[in-house]
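Visitor: Below you'll find the structure I mean.
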Amino acid sequence: MPRGAAVTPYHGKRGTTWRIKYADADGRQVMETLGREPEWNRKKAEAELRERLVRVERRAYRRPKPITFGEYATAWFAEGSVRRRWKSSTVMQYRSVERRLVEHFGHIPLGAVRPRHVAEYVAAMSGTSGASIVGRDIDLLHAIFKSAVKEELIDSNPASGAERPKLPRNTWRILEPVEVARVAKEFGEDEQARVVFLTLVLTGVRRSELQALRWADVDLVESVLRVRDSKSEDGIRSIALSRTLAEELWQHRRRSHFQGEDERVFCHPERGTVYRAETFVEALTSALAAAGVEGRVRAFHDLRHTAITNDAAAGANPTALMTKAGHSDMKTTRTYLHLAGVVFREEAERLEARLLGTAELSTPLSTRMGEPESTEHDPAPASMRLDGPADPSDEIQLF
């Protein structure tokens, strides 16, 4: 072992603290405090010292200048929009997280933050904030320290083993097909709100995706809706429009004062500005009451879950279901499936036919999750021609 390198225990009132001493690539003497027993002992400290000496010899390791958590975190958040491609909405959302983390950890040297500090933060926040807020704070704290580890500013991530508060179980109000049909008839003269409702339950798009839709994203000839503005790369996708929804969107465009390719599909009827969520919530609440639908229905979250669940119950291929939802893996999509109340009667008859030799169904399965989707093109109705008014005889009657 090089001269001057050593493991030194310090026996204090709070127990034994282990430290290592060595010279970095510049010949500067370094003294690092590793931690107290029982987390650290002589054997573990000696292994840590050997690792430092290898880094000095092979990678010309120099101990970085001291930096506080606040200094590093502020720089990390500032670079987030460029290095991590955050959207402006994400940057705004993270400002409050940055403030809380810097307020609590800011004065502590970056390398001195320990798991106990993180546990203290979780305990303090749990008394004043919801579990989801605390969980998000710890996720970002972990990401900050992960970057610091990669940059060799610290040796380990103190947030790795952080215990997050348990999230309350979400309950979703999934609309049954008969309820969807009833609600769709109860929007009165607010035709835009009705088409918004149908778009949400038939495509499963997110609120932000719906608000960002432009007419250039809606191909009414090929019956395709293209989501170009999403919260992730996997969210950028194309969704096939059913005949009914394609017709409804076409009629909505004919009624709108804002029909340009770059204008919003759903917007303020007089100004063409973004369609406010509050406007739809008010219209949906009235429609739900008029349709006799009981229970709280969240305008966007529950309708997205309704769309994905009913799509699965209708027999959507899992890959198609995941892609349509804008997810990167099926694990995420499964969290949107609530099939406990769905009766798969055809599957029961298929199983009987296979095991007992009874006659099989004459109609194809409609609820098998693994059934491939039809690839036949469903042509757009004549009422969606762009070159003239629609023929009333071609219109599709809703419900």
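Visitor: If you check G15 against the conditions, is it in contact with a Pro (Cβ under 9 Å, 6 or more places away or on another chain) and either closer than 27 Å to I138 by Cβ or exposed (fewer than 14 other Cβ atoms within 10 Å of the Cβ) (or both)?
Guide: Details: in contact with a Pro (Cβ under 9 Å, 6 or more places away or on another chain): yes; either closer than 27 Å to I138 by Cβ or exposed (fewer than 14 other Cβ atoms within 10 Å of the Cβ) (or both): yes.
Judged against the criteria, G15 is a match.
Visitor: Could you figure out which of (1) closer than 12 Å to V218 by Cα; (2) at pLDDT 95 or above isn't true of Y275?
Guide: Just one mismatch for Y275, condition (1).
Visitor: List pairs: first in region 313-332 and on the phi > 0 side of the Ramachandran plot and modelled with pLDDT of 85 or more, second among the polar types (S, T, N, Q) and surrounded by 14 or more Cβ atoms within 10 Å (Cβ to Cβ), Cβ under 9 Å, 6+ apart or cross-chain?
Guide: Short answer, once both residue conditions are applied: G326/S230.
Visitor: Which ranges mark the strands (runs of 3 or more DSSP E) fully within region 5-56 that have 3 or more residues being among the β-branched types (V, I, T)? Step through it out loud before you land on a result.
Guide: On the way: elements: 6-12, 15-23, 29-36.
The strands (runs of 3 or more DSSP E) meeting that bar are 15-23.
Visitor: Another question, then. When region 184-197 is examined, which residues are found to be in a helix (DSSP H, G or I) and either touching a Leu at 6+ places or on another chain (Cβ under 6 Å) or small (G, A, S) (or both)?
Guide: Looking only at region 184-197, we keep the residues that are in a helix (DSSP H, G or I), and these are 184, 191-197.
Once the filter is applied, which keeps residues that are in a helix (DSSP H, G or I) and either touching a Leu at 6+ places or on another chain (Cβ under 6 Å) or small (G, A, S) (or both), region 184-197 yields A184, A193.
Visitor: Right, another one. Take the residues of region 201-249 that are at pLDDT below 90, of a type outside the set (D, E, K, R) and not in a helix (DSSP H, G or I): which is nearest to R84 (Cα to Cα)?
Guide: Selected residue: S232.
The values are calculated or read from the model by the stated rules, or taken from the named source; none is laboratory data. Model, not experiment: these values are computed from the prediction. Note: ideal-geometry Cβ built from the backbone for every residue, glycine included; neighbour counts use all protein chains shown.
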